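> Pasting a structure below so you can have a look.
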Amino acid sequence: MKCIFCQSPDTVVKDSRETDEGKVVRRRRSCLKCNGRFTTFERVQLRELIIVKKSGAKRPFDRAKILKSITTALRKRNFLEEEIEEIANRITLEVESSNSKEVQSQMIGKLIMQELAKIDQVAYIRFASVYKDFSTAQDFAKFIGKIRENQ
């Protein structure tokens with residue numbers, strides 16, 4: 001594994017621990033060249049998945065995009081990195097458990113929205129504003145009205 005700081009290939013694993021009920025291995029690494037320390041996560045990939053976007057374009061599944069979306073929605077909302085990782089793991093497992101090799105991007109968006117709705121309304125609304133392509137304040141008002149109706 002290359003060092004994320006200096007790109008040196010000379011890194012060593014200092015500590016390995018199982019997380020997420022043994023489904024993920026967390027490794028603390030250290031660079032022999034610059035002494036930088038960083039963490040990597042190792043998880044099982046069940047199979048190669050293709051994501052079909054709204055436009056019909058097809059892309060390889062990328063868990064990092066799910067993680068980035070959740071992290072952006074939860075920015076400044078007082079959630080730990082481990083909590084965000086758990087949410088991303090649940091969504092990834094759900095996507096990888098589907099029977100199809102191709103998964104619609106809308107399905108992933110819905111899964112993210114479901115998870116965010118359970119834990120934080122502000123993050124839920126933030127994500128929805130991008131996912132549902134809000135273009136006016138009225139779009140926000142309608143969406144918040146629907147949330148209030150469902151409570």
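> Read phi for every residue in the stretch 12-29 and hand back ³J(HN,Hα) as whole Hz from Karplus 6.51 cos²θ - 1.76 cosθ + 1.60, θ = phi - 60°, with x for Gly and Pro.
Ordered by residue, 3J(HN,Hα) equals 10, 8, 8, 7, 10, 9, 7, 9, 6, 6, x, 8, 9, 10, 9, 10, 8, 10 Hz.
> Looking only at 83, 115, 102, which one moves most when the chain is put into a Gaussian network model with springs between Cα atoms under 10 Å?
Most flexible of the set in this elastic network: 83.
> Moving to a separate point now. Any chance you could give the angle, 0 to 90 degrees and rounded to 10, that helix 81-96 forms with the longest Cα principal axis of the chain?
The angle comes out near 70 degrees.
> Any idea what Rg and Dmax come out to for the stretch 1-44 if you just take the C-alpha atoms, in Å?
11.1, 34
> Relative to the longest principal Cα axis of the chain, at what angle does helix 121-131 sit, 0 to 90 degrees, rounded to 10?
90 degrees
> Now for a different question. Distance cut-off 32 Å, Cα to Cα: go down the list 54/76; 2/110; 2/118; 2/54; 54/118 and report the pairs above it.
2/110; 2/118; 2/54
> Tell me which residues come under 5 Å, amide H to amide H, from residue 132 once H is placed; ignore anything under 5 positions away on its chain.
Excluding prolines and chain starts, which carry no amide H, there are no hits.
> Computed FRET efficiency, Cβ-Cβ of residue 28 and residue 78, R0 30 Å: what is it to the nearest 0.05? Intermediate results must be reported in sequence, preceding the final value.
Working: r = 25 Å, r/R0 = 0.83.
That gives a FRET efficiency of 0.75.
> Separate question: Starting from the amide H of residue 11, placed 1.01 Å from N in the peptide plane, find each other amide H under 5 Å away whose residue is 5 or more places distant or on another chain.
32
> Further question: Taking only the alpha carbons of the stretch 1-88, what extent do you get along each of the three principal axes, in Å, biggest first?
Projected onto its principal axes, the Cα set of the stretch 1-88 covers 45, 31, 26 Å.
> Can you tell me the orientation of helix 105-119 relative to the chain, as the angle in degrees between its alpha-carbon axis and the longest Cα principal axis, to the nearest 10?
Around 90 degrees separate the two axes.
> Can you tell which of 92, 136, 72 shows the greatest fluctuation in a Gaussian network model of the chain with Cα springs below 10 Å?
136
> What per residue convex hull volume, in Å³, comes out for the chain when only alpha-carbon positions are used?
Dividing the Cα hull volume of the chain by its residues yields 159 Å³.
> Separate question: Kindly flag which residue pairs out of 23/146; 33/53; 23/58 have an alpha-carbon separation exceeding 32 Å in this structure.
Details: 23/146 37 Å; 33/53 42 Å; 23/58 28 Å.
Violating the 32 Å limit, Cα to Cα: 23/146; 33/53.
> I would also like to ask the following. For the stretch 87-151 and the stretch 22-59, what is the centre-to-centre distance using only Cα atoms, to the nearest Å?
23 Å
> Separate question: Taking H placed 1.01 Å from N in the peptide plane, check which residues at least 5 places from residue 51 or on another chain put their amide H under 5 Å from its amide H.
59, 61, 103
Bear in mind that the values in this text are calculations on the coordinates, not laboratory data. On a predicted model such as this, the values are computed, not experimentally measured, just so you know. A quick note on method: Cβ atoms are made from the backbone with ideal geometry, for glycine too, and the neighbour counts reach across all protein chains shown.
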